[in-house]
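*Asks:* Quick one: this structure, given as structure tokens, is what I'll be asking you about.
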Amino acid sequence: MAGKIEVMLGDITQLAVDVIVNAANSSLLGGGGVDGAIHRAAGPELLAECLTLDGCSTGWAKITGGYQLPARHVIHTVGPVWEGGKANEAELLASCYAASMELAVTNGLKTIAFPAISCGVYGFPPEKAVPIAVAEVQDFISEYPEIEKVIFVCFDAEMEALYREELGES
Ligand code: AR6
């Protein structure tokens, strides 16, 4: 199972996987950070499809095509805004990972890349978010062997180090 999880430093929009996950907001209509990068790289058809989805609640996920991206699909999930840790943020973040993996499986998608959901604009402390992300993914792939690869894509070296440490790679 350990071999199915990979950590990489880079830009998630460049990955030719079955599906990349977007750290979106509840409108699903784009924004900054990884969301902005994904919409720019996918092209305007992505926004057109997102307009049909009626948004998404925090902790849940919806799927679209990947359009001009090398990835075939995008799963848009809405992470919690960090409010100090007493607003159910940990459970909601875990739910983002579980809901995204579940959508991947129900759509027959086997390779999936995640950014560090909520760890940018939404302010979730990375040292708290990374163990949640890793635990959810490990639990899920132990139950669903059809998932072949999960890649945690990090935009900076500190985040990469946190994931590698959590996975016992450093
Ligand atoms: N590839 C991989 N990771 C990236 C990329 C990229 N191209 N760009 C940024 N990151 P954020 P959030 C990292 O702010 O905290 C948007 O406006 C980034 O360094 O994108 O969930 C949405 O519309 C950080 O580690 O997402 C929402 O309004 C991680 O991705 C809001 O931001 C997540 O940072 C969501 O905030």
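What follows draws every value from the coordinates through simple rules; no lab data is involved. Worth saying up front: this structure is predicted, and the values here are computed from it rather than measured.
*Asks:* So what is the relative contact order for the chain, in percent, with contacts set as C-alpha pairs under 8 Å and at least six apart?
*Replies:* On the way: 339 pairs, mean separation 50.6, N = 170.
Computed value for the chain: 30 percent relative contact order.
*Asks:* Same structure, new question: Radius of gyration and Dmax for the chain's Cα atoms, expressed in Å?
*Replies:* Values for the chain (Cα only, Rg and Dmax): 14.5, 44 Å.
*Asks:* Taking θ = phi - 60°, what integer Hz values does the Karplus form 6.51 cos²θ - 1.76 cosθ + 1.60 yield along the range 5-13, in sequence order, with x for Gly and Pro?
*Replies:* Calculated HN-Hα couplings, in order: 9, 10, 10, 9, 9, x, 9, 4, 5 Hz.
*Asks:* By the gyration tensor of its Cα atoms, with a ≥ b ≥ c the square roots of the eigenvalues, what is the shape of the range 1-82: rounded for a/c under 1.5, prolate for a/b over b/c, or oblate?
*Replies:* Details: a/c = 1.72, a/b = 1.26, b/c = 1.36.
Note, shape of the range 1-82 comes out oblate.
*Asks:* Another question, then. Report, ordered by chain and residue number, the lysines lying within cross-link reach of K110, taken as a straight Cα distance under 16 Å and ignoring same-chain residues fewer than 8 apart.
*Replies:* Cα-Cα hits under 16 Å: K4, K149.
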